Amino acid sequence: MQLTVYSAKPFDREFFARENEAFGHDLTFLEPRLTAETAPLAAGAGAVCPFVNDSVDAAALEVLAEVGTKLIALRSAGFNHVDLAAADRLGLTVVRVPAYSPHAVAEHTIALILSLNRKIPRARDRIREGNFALDGLMGFDLHGKTAGVIGTGKIGAVVARILLGFGCHVLAADTEPDKALLAEDVEYVAADELASRSDLVTLHCPLTPDTRHLVDAAFLDRMKPGAMLINTSRGALIDTRAVIDALKTRRLGSLGIDVYEEEADLFFEDHSSDPLTDDVFARLLTFPNVLVTGHQAFFTREAVTAIARTTLQNVTDFERTGRCSNAVRRN
Ligand code: NAD
């Protein structure tokens, strides 16, 4: 099947080309993001492969349907960026990669927690300048602390188990508690109670209309003073302006994020020669207790291999049967 891959980076070309040897699809790699304006570039391709910051909105889907696309093969787990109602209306099938490596994202989450707590970026900079003073580098033992995990699906469950391994008491909030985690001494509570009892809160639920700005001013007020907040899920789970206020008053102890509400105009590109025009993001970067990575939690060899393989398998399944077990259904 002809597959047009949008937002293609050199690593996409490398991993997709290698995995495609077993599938034999006809791949076209395009650097631009998918938008209504770039959608005509997919003309003739039965399948289109967008990434997380592509605009898979009604306008783009209408153009894709017009130029003959039948399948939207997302190379991501999240599908909050897709207008599923428009896809349904246009007869387009949307498939995704529901699981590639929960370990990749979970381990990056732990990297943010440890780096923030033990001030690793600051320590590295100091040592390079010959400054071996310890002032300002004090952290805390994770052992014995209470960690709150919101969303204990594939990624959150791995995070919870790693935190149990550190000797944390793990609280969880999820609409569907995980029985295995309950048996491992994870305590399920409401999100409000989790906020008020946790020394660190980490977000692993999907972005939906219900979870948008889950962490708002009220949630931050409920959090323990000085607690840590981590988000490797989707940027809009957090009201960034409210978080900035909580950092300014020192109510929030530290923030580690791999995702940002307005990341689509920033992440995955080299903007090092451009003025930073997003004042909210610029303000975030001024805090010494904020650590930002650019949506790289998924970025391991194992995860990128699995993303390419599952995406190509999804295309094959759809081509052969008109169906795919990884289809995204509208609730
Ligand atoms: P998953 O579907 O396995 O788990 C999500 C969990 O959230 C489920 O258990 C669900 O019941 C729970 N949930 C839903 N609504 C909730 C709510 N209102 N409150 C509490 N829990 C709720 O998904 P996953 O594979 O673990 O991925 C989680 C998220 O991580 C994805 O939605 C995606 O946005 C994000 N993600 C980020 C990266 C990255 O590179 N930063 C990579 C992959 C996934």
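The values are calculated or read from the model by the stated rules, or taken from the named source; none is laboratory data. Because the structure is a prediction, the values reported are computed rather than measured. Every residue, glycine as well, gets a Cβ built from its backbone with ideal geometry; the counts of neighbours run over all protein chains shown. The accessibility values were calculated without ligands, DNA or RNA, using every heavy atom of the protein model including side chains. Shrake-Rupley method; radii C 1.70, N 1.55, O 1.52, S 1.80 Å.
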- Message: Less than 15 Å apart at the alpha-carbon level, and either on another chain or at least 8 residues along: which aspartates and glutamates does that give for Lys119?
- Response: Asp135, Asp141
- Query: What percent of all Cα-Cα pairs in the chain falls in each 10 Å bin, counting up from 0?
  - Reply: 5, 24, 31, 24, 13, 3, 0
- Item | Within the range 41-74: backbone nitrogen closer than 18 Å to the Glu269 label point (7 Å, Cα to C-beta) | 41, 50-57
- P(r) over all Cα-Cα pairs of the range 102-292, 5 Å bins from 0 to the longest distance, whole percent per bin, short to long, reads 1, 7, 16, 20, 21, 16, 10, 5, 2, 1, 0
- If one takes the longest principal axis of the Cα atoms in the chain, at what angle in degrees, from 0 to 90 and to the nearest 10, does the Cα axis of helix 102-117 lie? 30 degrees
- Query: Across the range 212-217, in residue order, what do the Karplus-derived ³J(HN,Hα) couplings come to in whole Hz, using 6.51 cos²θ - 1.76 cosθ + 1.60 with θ = phi - 60° and x for Gly and Pro?
  - Reply: 4, 6, 3, 9, 10, 4
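Per residue, how much accessible area does the range 238-309 show when a 1.4 Å probe rolls over the protein heavy atoms, in square angstrom?
Averaged over the residues of the range 238-309, the accessible area is 53 Å².
Could you tell me how many cubic angstrom of Cα convex hull volume the range 172-239 has per residue? Present the calculation step by step, with values, prior to reporting the outcome.
Values: hull volume 6.1 nm³, N = 68.
Dividing the Cα hull volume of the range 172-239 by its residue count gives 89 Å³.
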- Query: Which ³J(HN,Hα) values in Hz, rounded to whole numbers, follow from the phi angles of the range 305-316 under the Karplus curve 6.51 cos²θ - 1.76 cosθ + 1.60, where θ = phi - 60° and Gly and Pro get x?
  - Reply: 4, 5, 4, 5, 5, 5, 4, 5, 5, 4, 5, 4
- 5 angstrom amide H check on Gly256, placed H, neighbours 5+ away: Leu229, Ile230, Asn231, Leu291
- To the nearest 10 degrees, the tilt of helix 10-20 (Cα long axis) against the first principal axis of the alpha carbons of the chain is 60 degrees
- Query: Which of the peptides 261-273, 197-209 is most tightly packed, and how do the rest follow, going by the mean number of other Cβ atoms within 10 Å of each residue?
  - Reply: 197-209, 261-273
- Task: Relative to the compact-globule scaling 2.2 N^0.38 Å, provide the ratio for the alpha-carbon radius of gyration of the range 74-151.
- Result: 1.80
- Message: So if I restrict to the alpha-carbon atoms in the range 79-118, what is the Rg, and what is Dmax, the biggest pairwise distance, in Å?
- Response: 16.9, 51
- Item | Principal axes of the range 209-331: Cα extent on each, largest first, Å | 58, 39, 25
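Using just the Cα positions, wrap the range 208-254 in a convex hull and report its mean projected area in square nanometres, one decimal place. Walk me through the numbers on the way to the answer.
Working: hull surface 12.1 nm².
Directional mean of the projected Cα hull area for the range 208-254 stands at 3.0 nm².
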- Query: Restricting attention to the alpha-carbon atoms of the range 29-178, what are Rg (one decimal) and Dmax (integer), both in Å?
  - Reply: 21.8, 63
- Relative to the longest principal axis of the chain, what angle (0 to 90°, nearest 10) does the C-alpha long axis of helix 154-165 take? 30 degrees
- Please provide three numbers in whole Å: the alpha-carbon extents of the range 283-323 along the principal axes, with the largest listed first. 53, 21, 8
- Share of accessible surface on carbon and sulfur in the chain, whole %, 1.4 Å probe and ligands ignored, is 50 percent
- Item | Average accessible area per residue (Å²) across the range 1-131 - probe 1.4 Å, nucleic acids and ligands excluded | 43 Å²
